[in-house]
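Read-outs throughout are calculated quantities, based only on the coordinates presented, and are distinct from any laboratory measurement. Note that this is a predicted model, so its numbers are computed, not measured. Cβ placement follows ideal geometry from the backbone for every residue including glycine, while neighbour counts extend to all protein chains displayed.
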Amino acid sequence: MKLVDEKVKIDCVEKTILNYLMEDARKPILEIARSMGISGAAIHQRLRKLEKSGLIEGSRLVINPRLLGYTTQAFVGVYLDKAVNSPVTIKKLEEIPEVVECHYTTGNWSIFIKMLCKNNEHLMTVLNKDIQAIDGVSRTETFISLDQQIQRQIKV
């Protein structure tokens, strides 16, 4: 691994390690090492360098929200009275647990968020009582996802 033009360049060994761990972050390092024919210490050393470079941001446990009753996934474009209200609005959006992603965007909306709600009624309540009540939010535009077709990380 080396840094070129502010980008991390990885070799085929590092790509293989990353692909194993992106598929299953709990895969034992020694199992990866055996399958690649290198030592576990070499894998650990490369992973430390990749973490230090910032390429690896951590590992996560992924929960299926449907099994917790969150069956409605929605995307909401948030219109602001003024763009300068964005930092305050984002802080308020952070306080709403149903908001799981927030993006400052170009185009029609100032902010675009992803929400998980238990059902459409729950979504409507959060929109009306929480999001649209934030000072500076002039209106919202909501899109309900019927089914997620693709979910993946970028390939290495």
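Annotations for the structure displayed:
- All other residues whose Cβ lies under 14 angstrom from that of Leu93 are scored, Lys and Arg at +1 and Asp and Glu at -1, for a net of -2.
- Helix axis angle, 12-23 relative to the chain longest principal axis, alpha carbon, degrees: 50
- In degrees, nearest ten, helix 40-53 long axis to first principal axis of the chain (Cα): 40
- In segment 83-133, the GluC sites (Glu not before Pro) that fall in loop regions by DSSP, at most 12 other Cβ within 10 Å: Glu95
- Taking the chain as a Gaussian network of alpha-carbon nodes connected by springs under 10 Å, the highest mean-square fluctuation of the residues Thr142, Thr16, Thr89 belongs to Thr16.
- Extension gain, Asn128 to Gln148, is 4.7 nm, computed as 0.36 nm per intervening residue step minus the present C-alpha separation.
- Based on alpha carbons, the Rg and Dmax found for segment 65-145 are 12.0, 39 Å.
- Extension gain, Val62 back to Val84 (0.36 nm per residue minus Cα-Cα distance, nm): 4.5 nm
- Shape class of segment 2-53 from the Cα gyration tensor (axes a ≥ b ≥ c, square roots of the eigenvalues): prolate, since a/c reaches 1.5 or more and a/b is larger than b/c.
- Convex hull (Cα only) mean projected area of the chain, reported in nm² to one decimal: 12.0
- In the chain, helical runs assigned H by DSSP with n ≥ 4 each contribute -39500 (n - 2.57); averaged across all residues and rounded to the nearest 500, the mean residue ellipticity at 222 nm is -9000 deg cm²/dmol.
- Between Arg139 and Asn120, the modelled label-to-label distance comes to 2.1 nm, taking each label 7 Å out from Cα in the direction of the beta carbon.
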